[in-house]
Amino acid sequence: MRIAVIGAGNVGGTIGEKWAAAGRHVAYGLRDPSRRPGALSFDQALDGAEVVLLAVPGVTVNLLLPGGATVTGMLPLDAVPEGQGFLEPAVMGSPIVWLASDEAAGVHDERIVAAEFERWLHDWHRRR
């Protein structure tokens with residue numbers, strides 16, 4: 001498993017070292033990669049990452065989940081309960097585009113389920 005750790009301070013450095021000791025491939029992404037031996041730029045660390053740990057101070061984030069098992073090639077086809085199916089990766093498209101839009105500027109600390117995005121967005125507009 002390839003893990004990108006963005007930040008290598010107390011949190012990122014400690015967790016990344018524990019993952020590496022457990023046999024995981026850890027790539028540290030830093031604004032200034034010269035500050036840690038072997039560190040990379042953000043883009044290089046994220047390239048091919050299956051998991052990303054954002055461990056930098058002062059960042060507020062949103063959590064975007066697909067809303068169920070999603071076709072990624074990482075789960076066997078019989079991993080979902082009978083009668084249910086996998087979500088297509090495209091389910092993430094609309095929420096990602098919206099989160100990158102000007103309308104979403106300042107939106108943080110939200111838990112968004114992509115499969116229920118239209119309902120979430122409607123509720124968000126009502127709360128504003």
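The values are calculated or read from the model by the stated rules, or taken from the named source; none is laboratory data. Model, not experiment: these values are computed from the prediction. All Cβ positions, even for glycine, are placed from backbone atoms using ideal geometry, and neighbour counts span all protein chains on display.
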For residue 36, indicate whether it is of a type in the set (Lys, Arg) and touching a Leu at 6+ places or on another chain (Cβ under 8 Å). yes
Among the residues of region 23-40, are any more than 21 Å from residue 10 (Cβ to Cβ) and polar (S, T, N, Q)? no
Failed condition for residue 91, given (1) within 28 Å of residue 28 (Cβ to Cβ); (2) surrounded by 15 or more Cβ atoms within 10 Å (Cβ to Cβ); (3) out of contact with any Leu (no Cβ under 7 Å at 6 or more places or on another chain); (4) β-branched (Val, Ile, Thr), with all others met? (1)
Please specify each residue of region 26-42 satisfying the condition of being buried (at least 16 other Cβ atoms within 10 Å of the Cβ) and closer than 29 Å to residue 94 by Cβ. 29
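Is it the case that some residue within region 43-62 is in contact with a Lys or Arg (Cβ under 7 Å, 6 or more places away or on another chain), at pLDDT below 95, within 25 Å of residue 14 (Cβ to Cβ) and surrounded by 12 or more Cβ atoms within 10 Å (Cβ to Cβ)?
Yes, because at least one residue in region 43-62 is in contact with a Lys or Arg (Cβ under 7 Å, 6 or more places away or on another chain), at pLDDT below 95, within 25 Å of residue 14 (Cβ to Cβ) and surrounded by 12 or more Cβ atoms within 10 Å (Cβ to Cβ).
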Out of the residues in region 1-46 that are within 19 Å of the chain's Cα centre (by Cα) and among the basic types (Lys, Arg), state the one that is farthest from residue 73 (Cα to Cα). 31
